[in-house]
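Below you'll find the structure I mean.
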Amino acid sequence: MIDREEVLHVARLARLALSEEEIEPMARELSAVLDHVAAIAELDLENVAPTSHVVEVTGRLRPDEPRPSWTREEILAAAPDANEDGFLVPSPQA
Amino acid sequence: MSSDLLELTAAQAAGRIAAGELSAAALFAFYRERAAADRAGGEDGLNCFTWVAEGAAADAPAGSLGGVPLAVKDLFCTRGVPSQSGSRILEGYEPPYTATAVERLREAGAPLLAKTNQDEFAMGSSNENSAYGPVRNPWDRSRVPGGSSGGSAAAVAAGLAPWALGTDTGGSIRQPAALCGIVGLKPTYGSVSRYGMIAFASSLDQAGPLTRDVRDAALMLAQMVGQDSCDATSLQFPGEIGVPSAERLDGVRLGVPAELSGEGIEAGVKEAFDRSLEQAAALGAELLDVSLPHAPHALSAYYVLAPAECSSNLARFDGVRYGIRAEGAADLLDMYTRTRHDGFGPEVKRRIMLGTYALSSGYYDAYYGRAQRVRTKIAEDFAAAFEQVDFILTPTAPTVAFALGEKTGDPLAMYLNDYCTVPMSLAGIPAISIPCGLSGGLPVGLQLAGAAFSENKLLDAAHALERALAFDGSPAHV
Amino acid sequence: MSEQGGELEAVIGLEIHIQLATATKMFCSCALSFGDPPNTHTCPVCLGLPGSLPVANARAVHFGLMIGLALGSELAPRSIFHRKNYFYPDLPKGYQISQYDEPLCRGGHLGEVRIHRVHLEEDAAKLTHLGASGRIHGSDASIVDFNRGGTPLAEIVTEPDLRSAEQAGEWLKLLRTTMRRLGVSDVNMEEGSLRCDANISLRAAGSEQLGVKTELKNMNSFRFIERGIRAEIARQQKLIAGGGTVTQETLHFDPASGAITSLRSKEEAHD
Ligand SMILES: [Zn+2]
């Protein structure tokens with residue numbers, strides 16, 4: 001159902017590198033689950049509204065009042081790579 | 001004194017502390033030592049914990065929970081304490097803030113004892129998907145404790161913690177509670193703040209207690225519910241959670257859905273379930289057949305919706321602001337893809353892939369759109385059933401605890417563990433699992449589900465059944 | 001009003017992003033800032049820390065509705081935020097919270113230009129290329145500053161009712177004045193509180209059919225907007241005159257050289 005190319009395409013969308021050994025089992029396992037899940041295609045759901053959230057949340061908003069932000073030291077503490085100003089990443093332009 | 005302390009439920013311990021018969025510090029030290037020994041035990045332990053407090057309790061204000069220490073599932077953010085959600089990608093991550101549920105319990109007098117092992121990002125039903133090793137079932141160390149709150153369930157069952165906090169997305173509190181012979185409650189969606197819970201599937205995730213008995217579950221839940229300004233989906237619980245005291249079920253109508261109590265349920269589980277129904281009838285309950293016609297499709301809908309939400313929720317783990325980053329990346333894309341490759345385990349990758357696929361253009365309507373509609377039908381099924389009955393009864397899990405490694409090679413077989421618990425998750429309704437007997441020396445769980453916000457009545461009914469069932473098994477490994 | 005150069009007419013629609021002049025960000029209580037030291041206006045929510053949750057700013061919603069009223073839009077009785085998923089370091093959650101099928105406002109007009117929709121979303125963080133001085137493992141580094149991340153934006157999308165670069169420039173000034181009078185934004189292009197993209201296509205004058213459009217991104221001054229649109233119209237005219245066809249793509253106008261180049265767009269993974 002799902003082939004190697006599709007696995008690689010979806011992995012690229014998900015920003016997930018897969019090793020060569022992971023590709024074939026992934027294709028097989030995804031296919032098995034999707035085959036199982038396909039049973040819902042047989043249900044008559046013509047006039048059924050979708051439910052995304054069981055709880056209707058109506059207008060829970062926050063007042064526009066500033067609260068102190070966090071210190072740079074606190075937020076940079078867990079960064080894999082940072083200088084004194086902020087988070088460092090490989091440049092997207094590189 | 002030690003074995004005496006072990007006998008106490010959390011409510012009893014809180015009572016002793018309040019009466020001045022027991023010091024909170026002594027209770028904390030007692031459990032801290034037990035938890036630390038399990039953590040130090042390596043292969044000989046149960047591997048319930050990913051972190052255990054050092055020394056005395058961080059001060060918990062005296063409150064109604066009286067200083068009874070709390071074990072907390074790893075995915076709750078706890079300030080300055082590792083919160084890794086069972087994942088390599090968050091190895092060593094110490095958040096700068098604490099989850100609302102944990103904070104409320106601390107303020108009510110339950111200090112943080114330990115963080116418990118879990119399936120990575122709460123994805124799993126056996127706790128074998130943890131990056132920090134599997135948890136073992138205290139009833140039989142060769143078996144799984146269930147998941148994803150496996151560390152919390154095993155710790156309570158083995159007396160390594162008086163009680164524990166877990167989360168339930170498709171059964172992650174109820175199923176491990178069942179497999180470990182304890183009580184586990186998933187509250188109504190929205191009744192407990194999700195702020196600070198590392199998200200798996202946001203429209204389903206809900207925090208709840210894992211405890212020795214129903215009264216403890218009520219005691220903990222009472223301090224957790226309520227609106228939180230940090231979680232816009234949290235709701236004000238109507239009224240307060242009281243102490244359950246019912247001893248009879250006179251006039252209570254209990255519905256048994258054939259869809260969730262027949263096919264696929266192991267014989268020993270079925271026998272224990274049927275005996276529970278007899279007990280319920282003896283307590284005065286009226287037993288009725290109800291139908292949940294779409295319940296057999298719940299698992300399919302769930303395994304579209306939950307992975308779809310997880311693929312989006314886990315996009316933030318990119319190696320930029322926290323967690324690990326793959327070394328030596330050639331460029332930004334390489335940094336992303338290799339960090340996520342190295343940081344996520346096989347089941348998490350599978351679900352990210354599944355969810356990304358289900359949300360991708362061309363498949364969205366066929367999978368995600370349809371699954372959302374199935375969800376509507378399932379909620380309607382429950383609403384119709386609750387016109388006829390007060391509660392629905394099912395076995396919590398189709399089997400008792402299975403052997404480590406037995407189902408790891410077959411994701412679908414693993415997913416079937418959630419067959420009886422997922423429908424309630426999709427409907428957002430409260431459900432509790434209580435131990436109802438043994439099958440082959442292993443505990444069986446009985447699930448009671450009620451309408452949204454019926455927690456007080458649900459706890460009362462569970463309390464009456466718990467007394468009548470008088471489950472008194474105790475695990476080998478305590 | 002048609003462009004010079006034969007029987008082709010330009011069809012232009014604008015997408016305008018306006019930073020709202022609230023005190024705090026769209027989904028957290030961090031104060032808005034401009035020019036402050038990097039990463040001094042952040043919190044678990046706008047950094048996308050695990051476990052954090054967004055709570056929408058009431059004043060931002062109010063401002064969005066004011067914009068809708070001023071433009072004669074239909075205000076939604078119920079409006080929903082959606083996640084727009086893509087991976088980029090300026091997007092801490094891996095998705096932008098925006099609105100998709102249930103925007104805050106639909107329809108309306110300003111002058112002779114019809115409004116398609118107005119919706120709310122959150123701004124991205126700022127990514128600054130450090131060059132060779134900030135090399136990580138042999139490749140150049142960028143620094144991410146999350147101060148701007150999460151600033152409330154109103155996105156105003158027009159119908160393709162504009163026919164020339166000058167008309168687009170004039171109309172945009174009218175919109176700026178309107179927003180300034182409403183008090184919902186500073187609408188300052190130099191500071192980035194007003195940003196504009198243009199969708200541009202050509203068609204036979206008088207035809208009802210739309211041609212293939214290109215999207216000209218993020219022009220940051222009124223002068224550049226008019227010059228950019230003019231340059232793109234000229235490019236398309238030349239292309240068509242030479243027997244070629246326009247391909248749908250995202251473009252960047254370089255005001256220094258006057259050149260138009262194709263942008264390798266941020267890959268949008270899925271919705
Ligand atoms: Zn913030």
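For segment B:270-311 and segment B:149-188, compute the distance between their C-alpha centroids and round to whole Å.
After rounding, the separation between the Cα centres reads 18 Å.
Short version: what are the Cα gyration tensor semi-axes of chain A, square root of 5 times each eigenvalue, largest first, in whole Å?
Details: eigenvalues 307, 184, 22 Å².
That gives 39, 30, 10 Å for the three semi-axes.
If the convex hull of the alpha-carbon atoms of segment C:2-265 is projected onto planes in all directions, what is the mean projected area in square nanometres?
Numbers: hull surface 63.4 nm².
Projected area, direction-averaged: 15.9 nm².
Still on this structure: Bin all alpha-carbon pair distances of segment B:203-242 at 5 Å intervals from 0 and give each bin's fraction as a whole percent.
Once binned at 5 Å, the Cα pair distances of segment B:203-242 give 6, 21, 27, 25, 15, 6, 1.
Compute the Rg to Rh ratio over the protein assembly as shown from the alpha carbon atoms, using the Kirkwood formula for Rh, and round to two decimal places.
Details: Rg = 28.7 Å, Rh = 28.4 Å.
Here Rg/Rh amounts to 1.01.
For segment B:349-478, take every pair of Cα atoms, bin their distances at 5 Å starting from 0, and report each bin as a whole percent.
Whole-percent P(r) values from 0 Å outward: 2, 9, 14, 16, 17, 15, 13, 9, 4, 2, 0.
Is segment C:158-250 rounded, prolate or oblate when judged by the Cα gyration tensor, a ≥ b ≥ c being the square roots of its eigenvalues, rounded requiring a/c under 1.5 and prolate requiring a/b larger than b/c? The partial results should precede the final answer.
Details: a/c = 2.67, a/b = 2.01, b/c = 1.33.
Since a/c reaches 1.5 and a/b is larger than b/c, the shape of segment C:158-250 is classed as prolate.
Let me ask something additional. Rule-of-thumb check for chain B: C-alpha Rg over 2.2 N^0.38 Å? Provide the component values of the computation, followed by the final result.
Working: Rg = 20.8 Å, N = 478, 2.2 N^0.38 = 22.9 Å.
The value comes to 0.91.
OK, next. Of the listed pairs C:Lys84/C:Lys213; B:Lys115/C:Lys93; C:Lys173/C:Lys217; B:Lys377/B:Lys457; C:Lys25/C:Lys213, which have alpha-carbon separations greater than 28 Å here?
Flagged as over cut-off: C:Lys25/C:Lys213.
Let me ask something additional. Could you please tell me the mean projected area of the C-alpha convex hull for segment B:298-371, averaged over all directions and given in square nanometres to one decimal?
Values: hull surface 21.7 nm².
Seen from a random direction, the Cα hull of segment B:298-371 projects 5.4 nm² on average.
Continuing with this model, one more query. Taking only C-alpha pairs under 8 Å that are 6+ residues apart, what is the relative contact order of chain B in percent? Before the final figure, lay out each step's value.
On the way: 1205 pairs, mean separation 83.8, N = 478.
In percent, rounded to a whole number, it is 18.
When a footprinting reagent is the concern and you count Cβ atoms within 10 Å, what order do B:Thr399, B:Thr188, C:Thr177 take, fewest first?
Details: B:Thr399 20, B:Thr188 26, C:Thr177 11.
Least to most surrounded, the residues fall as C:Thr177, B:Thr399, B:Thr188.
Have a look at the DSSP beta bridges in the protein assembly as shown and tell me what percent are antiparallel, nearest 5.
On the way: 87 of 103 bridges.
About 85 percent, rounded to the nearest 5.
Still on this structure, please answer the following. When C:Arg181, B:Arg340 are ordered from fewest to most other Cβ atoms inside 10 Å of their Cβ, what list results?
In increasing order of surrounding Cβ atoms, one gets C:Arg181, B:Arg340.
Let me ask something else. Tell me whether segment B:2-251 comes out rounded, prolate or oblate; compute the Cα gyration tensor, take square roots of the eigenvalues as a ≥ b ≥ c, and use a/c under 1.5 as the rounded threshold. Walk me through the numbers on the way to the answer.
Details: a/c = 1.24, a/b = 1.06, b/c = 1.18.
Because its axes are fairly even, with a/c under 1.5, segment B:2-251 counts as rounded.
Right, next: Expressed in nm², what is the orientationally averaged projection area of the convex hull enclosing the Cα positions of segment B:105-183? Before the final figure, lay out each step's value.
Working: hull surface 19.8 nm².
Taking the Cα atoms of segment B:105-183, their convex hull projects to 4.9 nm² on average.
Bear in mind these aren't lab numbers, they're just calculated from the coordinates by the rules spelled out. Note that the structure is a prediction, hence the values are computed from the model and not measured. Positions of Cβ are generated from backbone atoms using ideal geometry, with glycine treated the same way; all protein chains shown enter the neighbour counts.
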